[in-house]
Amino acid sequence: MDIRKIFALVKVQLKKLYREPATLFLMIIFPLILTLFFGLGFKDIESATPGVSQFDVMVPGLYAFVCIFIIMTVAMTFSEDREHGLLRRLNTT
């Protein structure tokens, strides 16, 4: 795939993200809120491993959830773009 086509696709996706602030909230702000919420809630609870808090154990799983959520969002966006013919138009221009 040509690098110009990739940049054109990224540009279109960023414009769509700018037009839909709820998606931006879910992709960026919501994980930070979850991290803050769980950090305050579980900071003093010890896990099964001595010297490690329950929050330290939960953070990798939380960020894995965030990565999977972002990947699913991108996949759904690509399928919507394909359904509406946007990818075909970008490929021909």
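Rule-based calculations on the coordinates, nothing more; no lab input. Because the structure is predicted, anything quoted here is derived from the model rather than measured. Positions of Cβ are generated from backbone atoms using ideal geometry, with glycine treated the same way; all protein chains shown enter the neighbour counts.
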Only Lys, Arg (+1) and Asp, Glu (-1) charged, at Cβ; the chain dipole about Cα centre in debye: 720 debye
Positive-end extreme of charge dipole, the chain - chosen from 69, 86, 22 (charges on Cβ): 86
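With an 8 Å Cα cut-off and a minimum separation of 6 or more residues, compute the relative contact order for the stretch 27-92 in percent.
25 percent
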Base-10 log of normalised Debye intensity for the chain (one unit scatterer per alpha-carbon) at q = 0.18, 0.20, 0.25 Å⁻¹: -0.86, -0.97, -1.25
Calculated FRET value between residue 91 and residue 25, using beta carbons and R₀ = 25 Å, to 0.05: 0.25
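Counting other beta carbons within 10 Å of each residue's own, what order do 70, 45 fall into, fewest first? Don't skip to the end; give the middle numbers.
Working: 70 14, 45 11.
Ascending number of Cβ neighbours within 10 Å: 45, 70.
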